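Report on the following structure.
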Amino acid sequence: FWHSIRIAVQAPDAESVNATRDLAIGLMRVVRGLDPEEENNFEVYSNDSLQAMFDNMSRIVGLAGLMISTIALVAAGVGVMNIMLVSVTERTREIGVRKSIGARSKDILRQFLLEAVFIAQIGAFIGVLVGVLCGNTVARTLLNVEPIMPWFWIGVAVLTCAGIGIVFGLYPAWRASRLHPVDALRYE
């Protein structure tokens, strides 16, 4: 039966990695008694091959994360739209009063769009806060590394949530801006 033995070899510097690898392969072939034309009956793993495996796994995890986050963002956008539609319905009389005293449709549109973006930014703030706290806790306790602040990804999160607020808040804001003042004032 077969036994598995692992031998770790480290090059003295980065320039001699290939030479060290070739030397290790040559010595293993001698120890195993292989003729020059025979294939290796052992495997050699280098940092490059491990890095390639890690990169491939990271790519798969990244794609899965992208798909899951896209679904979550669409669900959050639908939530923002529903909140804003309820807000428009509950504030129909207020919209009527504002329009009757001179508010333009674009003023109403801007107000409701800003509210939708504000709601989405509250979600971004909570998400960033939870993400940073969880990430830093895992970094310190489980991985024993110094945590970092991912400023680029925080910026991406804030901008993405602002975009979600604009896209999903556009229909409720447009609906509010199109209300007729007299009909809005009569709304019960």
Check: Counting Lys and Arg as +1 and Asp and Glu as -1, each charge on the Cβ, what is the dipole of the range 107-187 about the Cα centre in debye, to the nearest 20?
Finding: 180
Next item on the list: Kindly give the semi-axes, whole Å and largest first, of the ellipsoid equivalent to the chain, taking each as the square root of 5 times a Cα gyration tensor eigenvalue.
Entry: 65, 16, 13
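The range 35-144: which chymotrypsin sites (Phe, Trp or Tyr not before Pro) are DSSP loop and have at most 15 other beta-carbon atoms within 10 angstrom?
Details: sites: PHE42, TYR45, PHE54, PHE112, PHE118, PHE125; in loops: PHE42, TYR45.
Within the range 35-144, the qualifying chymotrypsin sites (Phe, Trp or Tyr not before Pro) (loop, at most 15 other Cβ atoms within 10 Å) are PHE42, TYR45.
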Check: About its Cα centre, how strong a charge dipole does the chain have in debye, to the nearest 20, once Lys and Arg get +1 and Asp and Glu get -1 at the Cβ?
Finding: 1660
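For the pair GLU15 and PHE125, what calculated FRET efficiency results from E = 1/(1 + (r/R0)^6), where r is the Cβ-Cβ distance and R0 = 45 Å, to the nearest 0.05? Don't skip to the end; give the middle numbers.
Working: r = 49 Å, r/R0 = 1.08.
Once rounded, the FRET efficiency stands at 0.40.
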Check: How far apart, in nm, are the 7 Å Cα→Cβ label points at ILE83 and LEU170?
Finding: 2.0
Check: Accessible area per residue of the range 118-188 at 1.4 Å probe, in Å²?
Finding: 72
Item checked: Protein accessible area in the range 35-77, 1.4 Å probe - carbon and sulfur % -> 66
Item checked: Quotient of C-alpha Rg and 2.2 N^0.38 Å, computed over the range 1-73 -> 1.69
Item checked: Selection from PRO147, HIS3, VAL86, by position along the positive dipole direction of the chain (Cβ) -> VAL86
Next item on the list: Leaving ligands, DNA and RNA out of it, work out the accessible area of LYS106 with a 1.4 Å probe and give it in Å² to the nearest 10.
Entry: 110
Note to self: Given the whole protein assembly as supplied and a 1.4 Å probe, what does the accessible area of GLU94 come to in Å², nearest 10?
What the structure shows: 80
Next item on the list: Roll a 1.4 Å probe over the protein heavy atoms and report the accessible area of VAL31 in Å², nearest 10.
Entry: 120
Note to self: Using only the heavy atoms of the protein chains and a 1.4 Å probe, how would MET149, MET67, MET28 rank by accessible area, largest first?
What the structure shows: MET67, MET149, MET28
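The values are calculated or read from the model by the stated rules, or taken from the named source; none is laboratory data. Computed from a predicted model, the values in this text were never measured in an experiment. Note: ideal-geometry Cβ built from the backbone for every residue, glycine included; neighbour counts use all protein chains shown. Ligands, DNA and RNA are excluded from the accessible area calculation, which covers all protein heavy atoms including side chains. Shrake-Rupley method; radii C 1.70, N 1.55, O 1.52, S 1.80 Å.
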